[in-house]
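**Student:** Structure below; questions to follow.
The numbers here are math on the coordinates, done by the rules we state, and not lab data. All of these numbers come straight from a predicted model, not from anything done at the bench. Every residue, glycine as well, gets a Cβ built from its backbone with ideal geometry; the counts of neighbours run over all protein chains shown.
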Amino acid sequence: MAVEYKKNLVVFHDVVGVEDAEALLEWLQKKRTAKVDLSACTHLHPANLQVLMASKPAVQAWPADAPLRAWLEPILTAP
Amino acid sequence: MKRILIVDDAATVRLYHREILETADFMVDEAMNGIEALEKALQTGFDLFLVDINMPKLDGYGFLRELRGQDLPQAPAIMISTEAQTNDERRAYAAGANLYLIKPVKPERLLAQVRMLLGELHP
Amino acid sequence: MSPLLEQFLSEARDFLQGIGEKLMQLEAAPADADLMNELFRLVHTLKGNSGLFDAPEMTRVLHAGEDLMDAVRNGRVAYSRPLADRLLDAMDFVGMLCDELESDGQLGAAHAGDSVRLVDALRHLLQPDDAPAEAPAPESTPESAPAPTASLAEPTPVADTASLPLASIPEAVRMQAYRRACAGEPLSWLAYRPHEQCFYQGDDPFFLARQTPELLWSRIEAREPWPPLAELDAYSCMLDFQLLTAAPRAALEEQYRYVMDQVQTTEVPRLALVMPQGDPNGGPVYDDFAADARRLLQTGDLEGLARNASTLLELSSPDLWIASALRWLQLVLETEPENKAILDALVDCLGSLAAPQWGTAGAAETHTASASTSIRQDPAPRNERGQEAEGVADASDEATPALSPLAADALAAVVAAQGEVLALTDEPRWLPGRLKAAAAALSGCLRATGATAKLQDLEAATAAALARNSGAPLLTWIAAVFPAELVGEPGAAAPVTAAPPSPAHSAPQPPEAEGEIKFGRRAEDAISGPKSLKVDQAKIDRLMNLIGEMVVAKNALPYLAGRAEAVFGVRELAREIKGHYGVINRIAEEMQGAIMQIRMMPVSFVFQRFPRLVRDISRKLGKEVELILEGEDTEADKTIIESLGDPLMHIVRNSLDHGIESPELRRAAGKPATGTLRLRAMQESDRVVIEISDDGKGIDPDIIKRKAYAKGLIDETLLEQISDQEAVNLVFAAGFSTTEVISDLSGRGVGMDVVRTAVEKVNGSVALTSQQGRGTQIRLSLPLSMAVTNVMIVVSDGQRFGVPMDRVVETVRVPRAAIRTIKHSLATVLRGRIVPLKSINDLLGLSAPPKANADDELAVLVVRLGDESLGLLVDDFSETLDIILKPMTGVLAGLPAYAGSALMGDGSVLMVLNVKEIL
C-alpha cells in the first residue's frame, strides 16, 4: 500500500504511482484540513504531485530522501 | 445568422471547424482552395473567413491578398496555420489576415475569437 | 467511430497513398520541385489533421517527416534512396496507427518507442553532413530560414540567457555552478514542458527530471493557477520542470531522448550566473574600497584585493547586495584571477552598485559560450498572458462589467493582432482592403464588449486611415481606446513563439514580390471542384440488391400477361402489359448497367501497390528491376478488381524471386543488368485481361516435369508425352511449388495453384507461357463483371436448377442405348469423343433415376471443366436467364454444391449449381 489514509493524515510510502492520484484527489477533496507525511516516500508520480500542489495540504514530514525533499519543499511549502 | 467561410484543403480540418462553428449556430460554407474561396466570397458576402495557409492552386496568402484587393466591404479573416510555420504571422498580417492561430485550435478559444471578431456580445 | 475520425482516416489513407506514390516518382525525378512541394504539402496537411486527434505518436512522426521534406525541398538535404526508405517506413507506421485508430478508436501507448525511433531516424537525416552532430535540426519552415539557431547566434550569450530566471537560483548554487564551469564543464538550462496527455502514455516526467545527470538546481512550476479541486484533472500534466545541469549536451539528449520535442535547452555561459543579489541599502562606505580595489587591480596586487574584500565582507551584513558582489569577487579571484575583464567589471559594479554588464565586459569570454540552441520555442507561459488579458478586461471595464477569461483573451489577441496589421508600413495594392478588414475586426471588438458608443470614433478613424492610405489613424485610435502596452506587445497575445520585433521599430515589410501570386493568370486555370464522390460501399450494394429485385419484379410481367390472356381471356390487356414490360425492361437494363458502372474500378487500384513492393523486394534480393505498368485505367467490377490483388501479388513475387536473375547473372547471359517486369491490363470483349511478363530466366520444362513426376502429379507415360507448354502449366497444379528453398519472400511452400484457385473463384482463367532464358508471361482473364450471371435452367426430379452458362458447352439428347458403362462409370460418345456422364440426381443425393423423354432419350448437359468435358444427366432443359446471383449466406454458405441463389419472377428461388464442386 503506497498510500495510507489515516483519519486526517495521508502517509506516502516508497514509490507512489500514477494510479493512486485519483483516490488521493478524492480523499483530499473531502478532507480539506488533512496533512501529509512524506517521510517514507522515495518518489511520487507527478499526477500525485499535482494533486498535492493544487490542494496544498500541510506537510507534516518531508521526505527523508534529500534530493526529493529539495524538489518538493519549494512547491509544497505553505505560503 | 452570421456566415463563415472555411477555406482549407483538408476535409478533416474543414469538418472539425464546421462542427465547432455550427454548434455555436453559425452558418458555415466551405472552400477547398483559394480560388474556390474567392469565387464564393465574390458571389456571396461572408462575415468571417477561416483560412488555411498551404493549399493547392491558390494558398491562403494569395487568397487574402486578392480578397483585400477587392473594392468591397471587408470581413475579418483568421489565418490558421500549423506550428511549423512560426514565422508566417507577419506574412499573414501583411496579406490581410486579422488574426493568426495555430492548429489545432481549441474549440472554446476559437469560438471566443470568432465571436470577438464578429462583434457578438459575450455572455 | 465519430464522423470526424472516419473522415480523418479516409483522408489519411488517401494521403498516405499519395505520399507513397510521390516518393516513388521522386526516385525517378529527384529534382522535380513541384513533386517535392506536393509531397511536402501532403505530409504537412496530414500532420495538421492528425493533430486534431489524440495521436501524438502519429503527429510526432509526421512532424519529423514534414521537417525532413521541408529540408529536402529547400535543398538543405539531398534526396536519396535511404531517405525515401525512411519516409516510407514512417508512412507505413502512420498507416498502422490509422488501422489501430479505426479498430480501437484510440492508440495504445505501445507505439511511443517506435515513434521516437522513427523520429530519430528522420531527424538524423536532417543533419547536413558538415554540421556538428549535436546541432538539432531547426523545426521551422523555409520561410523562416534563418532558423532559430542562426538568429540566436548574433546576440551575446548573456542577452540570450537574460530571459532565463537564473536569478531565482540561490547564490550558493550559482557559485557552485560557476566553479564547475571554470573547471570546463558545460552548463545548461533545461526547460521541460511535458505534453498534457503524457501520463496516459506511461510517462513520469518527474522521474525523468530527477534522473537528469549532473543536476545542480531544479524547480517545478504549475503552468496555470490550480483550479478548484473539484475541477482538477490529476491526469492532465500541468507541470513544467526547469533545471540547471552541468551535463554535456549529449548526455541530456540521451536522458530526454523520448521527449526531445518537449524540451528546450539553453547553454548558460558562466558569467550569466554572476549576479549579485540582496539589499541595495546601508552598510559602510564602499567608495573608498572601490577606489582602492581599482588601484590594486591595476598594479596586479590580487592578494591585496582579496584581503580587502574579505575584510569588507566581514564588516557587511551578508544580506546586502554589496556583500553578494564581494562574494562573487572573491570567487573570481579564487577561480580565475587572470581574467581581468571580469574582475574589472565586478570592481566597477561595487562602485556603481549596478549589476555588471557582461555584454561588454565579458566580450572576450563569449567564445566559451556558444549561442543557445533552442530545441523548441515554447509559447509565452499562459499565466502571463492570462494576466495581460485581465488587464484588457479592466481597461474596458466601463463598457463591460465582466468579460469571461476566454473573451478577455480573445479581445487581447484581436486588438494586438490589429495593432500588428496596422503598424505594417508596406503599401500593397490591397492596403485599403486590409485597413477595412482591420477596422471591421476592431468594430467587432467594440460590439462584442458592448462599447458601441465608440463605434462612431472608429468610423472616423477608419475614414482617415483610408484617406491617408495608412494604418496610423487607426493605431492612434487603438492607443486611445485600448491600453497602450497591449498594442506595443502584440506577442503577448499572439500565439507565435518567436517574438516578432515591436512593430514600431520593425523594418518595412519587404514587398513580397516572390510570394505574390498573380491571380489573373491563375484564374485561367481550370477550376476543378470535387469531381468524385465518396460513397460507402454498403450503399452501392444496396442499390445492387434493389436493382436485382427490380429485375425480378419486372420478370413477373410476362407471367401476368400470360395469365391475362390464358386465365382471364383479355388478349388486349395482355398485349399492353407486354408493351409496358418492354419499356420497363429497357429502363431496368440501363439502370443495371449504370449501377454496374458505379462498381467499376480501374485496375490501378491493385496496380498502385506494386511500385513500392517491387522496389522493396528487388532491393532485398539485390536485384535491379524496372516495373512497367500499362493500361492502369482499364476498368472492371470492384469484386473482380479486388480479387486480383492476391494472385497478382503472388505472381509478381514469384517473378522477382525466381524469374528475374541477379545483375551479375543477367550480364553473364548477355542481358541488361536491370530486369523488366511488366504489368499490363486491357479489355478484350467482355473480359479484362492482365498480363504479367518478365524477361527473366523463364521456366525449365524439364525441371517441372521431373518435379511433377517426383510429386506424383504425373505418371511415367505422361512424363514422356507431355509437351513443354503443358509442362510449364503444371506449376498451377495443386501442391506444386517450384522452389527448392523456401525463400523469405514468396516461397512459403505454396505454388501457383493458389493463383489459379483465386482466379477461378471469380470465373477467371490463367495461362502461362515461358521461354527458357527469355522470360515468362502469365495471362489472367477475368469477367468484367460478376453482377449478372447468365444461367441455363435445368429440371431434375421435379426441381429447377441453374447452371452458369459459361460452364455449358452444349445440350444434347442421347438415346439410352448410346450410354455405355465403362469401369462402373457411365459414358457416351459425342462426335468421336468419349464424354463421361454423371447423373445430377446422384450428385445432389436425390434418389430418383434420370427420366427419359418419349423417345427414350436422356437429356445431357455437357459442361466444361478445365480442359475436360463432362455430361450431366438431367430430366429436361429449360430457358436461359439473366439473374442476379446472390451468394449463399448463413448455414447455406456451407453448402459448396451451390454457387448461390436467385429470385425468380414468380417469387420462387432458383438454386444455381457450382458445377465444379458437385463433381
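**Student:** With just the Cα atoms defining each centre, how far is the stretch C:615-632 from the stretch C:759-782? Give it in Å.
**Tutor:** 19
**Student:** Near C:K707, which aspartates and glutamates are there with a Cα under 13 Å away, not counting those fewer than 8 places off in the same chain?
**Tutor:** C:D715, C:E716, C:E740
**Student:** Output wanted: per-residue J couplings in Hz (rounded whole) for the stretch A:50-60, from phi through Karplus 6.51 cos²θ - 1.76 cosθ + 1.60, θ = phi - 60°, x for Gly and Pro.
**Tutor:** Values per residue, Gly and Pro as x: 4, 4, 5, 5, 6, 9, 6, x, 5, 8, 7 Hz.
**Student:** On to the next question. Take every residue in peptide B:63-75, count the Cβ atoms of other chains within 10 Å of its Cβ, and give the average of those counts.
**Tutor:** Other-chain Cβ atoms within 10 Å of each residue's Cβ, averaged: 6.
**Student:** Could you order peptides C:85-97, C:248-260, C:534-546, C:291-303 by the average number of other Cβ atoms within 10 Å of their residues, highest first?
**Tutor:** Taking the mean over residues of other Cβ atoms within 10 Å, the ranking is C:85-97, C:248-260, C:291-303, C:534-546.
**Student:** Right, here's the next one. Which residues' amide hydrogens lie under 5 Å from the amide hydrogen of B:K2, considering only partners 5 or more residues apart or on another chain, with H built in the peptide plane?
**Tutor:** Placed amide hydrogens put B:M27 under 5 Å from B:K2.
**Student:** Let me ask another. Helix-only estimate, please: 222 nm mean residue ellipticity of chain A, summing -39500 (n - 2.57) across DSSP H runs of length 4 or more and dividing by its residues, to the nearest 500.
**Tutor:** Per the formula, -11500 deg cm²/dmol.
**Student:** Counting only other residues whose beta carbon sits under 12 Å from that of C:S604, what net charge do I get with K and R as +1, D and E as -1?
**Tutor:** -4
**Student:** So how far, in whole Å, is the C-alpha centre of the stretch C:289-361 from the one of the stretch B:34-92?
**Tutor:** Here the two parts' Cα centres lie 60 Å apart.
**Student:** Convert each backbone phi in the stretch C:435-442 into a coupling constant with the Karplus relation 6.51 cos²θ - 1.76 cosθ + 1.60 (shift: θ = phi - 60°), then list the ³J(HN,Hα) values in order as whole Hz, x for Gly and Pro.
**Tutor:** So the Karplus estimates, Gly and Pro as x, are 5, 4, 5, 5, 4, 5, 5, 5 Hz.
**Student:** Within 14 Å, Cβ to Cβ, of C:V835, how many net charges do the neighbouring residues add up to if Lys/Arg are +1 and Asp/Glu are -1?
**Tutor:** Charge balance in the 14 Å sphere: +3.
**Student:** Amide H of C:E626 versus every other amide H placed in the peptide plane: which residues, excluding those fewer than 5 positions away on the same chain, fall under 5 Å?
**Tutor:** Under 5 Å from the amide H of C:E626: C:G675, C:T676, C:L677.
**Student:** Right, another one. Residue by residue through the stretch B:49-60, which ³J(HN,Hα) values in whole Hz follow from phi under the Karplus form 6.51 cos²θ - 1.76 cosθ + 1.60 (θ = phi - 60°), with glycine and proline marked x?
**Tutor:** Values, residue by residue: 10, 10, 10, 7, 8, 7, 8, x, 6, 9, 7, x Hz.
**Student:** Also: Packing-wise, with mean Cβ within 10 Å as the measure, how do C:681-689, B:3-11, B:47-55 rank, highest first?
**Tutor:** B:47-55, B:3-11, C:681-689
**Student:** Can you give the average number of partner chain beta-carbon atoms within 10 Å of each beta-carbon in peptide B:15-24, as a whole number?
**Tutor:** Mean partner-chain Cβ count within 10 Å for B:15-24: 2.
**Student:** If we count other beta carbons within 10 Å of each Cβ, what is the order of C:W217, C:W189, fewest first?
**Tutor:** C:W217, C:W189
**Student:** Now for a separate question. Which of the lysines could be linked to A:K6 by a straight reach, that is with a Cα gap under 22 Å, when you skip same-chain ones fewer than 8 residues away?
**Tutor:** Partners within reach: A:K30, A:K31, A:K35, A:K56.
**Student:** Ranking request for peptides C:665-678, C:31-44: highest mean number of other beta-carbon atoms within 10 Å first, then the rest in descending order.
**Tutor:** Going by the mean number of other Cβ atoms within 10 Å, highest first, we get C:31-44, C:665-678.
**Student:** While we're looking at this one, here's another question. State whether the stretch B:3-118 is rounded, prolate or oblate according to the following rule on the C-alpha gyration tensor (a ≥ b ≥ c being the square roots of its eigenvalues): a/c under 1.5 gives rounded; otherwise a/b larger than b/c gives prolate, and the remaining case gives oblate.
**Tutor:** It comes out rounded by the Cα gyration axes.
**Student:** Tell me the mean residue ellipticity at 222 nm calculated for chain B from its helices only (DSSP H runs of n ≥ 4, each -39500 (n - 2.57), averaged over every residue, nearest 500).
**Tutor:** That comes out to -12500 deg cm²/dmol.
**Student:** I need the calculated FRET efficiency for the pair B:L42 and B:M1, taking r as the beta carbon distance and R₀ as 30 Å, to the nearest 0.05.
**Tutor:** 0.90
**Student:** Name the residues whose placed amide hydrogens come within less than 5 Å of the amide hydrogen of A:C41, ignoring near sequence neighbours (fewer than 5 apart) on the same chain.
**Tutor:** A:D14, A:A64
**Student:** What average count of beta carbons from other chains do you get within 10 Å of the Cβ of residues in C:41-48?
**Tutor:** The mean count of partner-chain Cβ atoms within 10 Å per residue comes to 5.
**Student:** Count the lysine pairs in the stretch C:788-918 whose Cα atoms sit under 20 Å apart, keeping only pairs 8 or more residues apart in sequence or on different chains.
**Tutor:** 4
**Student:** Another one. What does the charge add up to near C:D797, with Lys and Arg as +1, Asp and Glu as -1, over the other residues with Cβ less than 12 Å from its Cβ?
**Tutor:** -1
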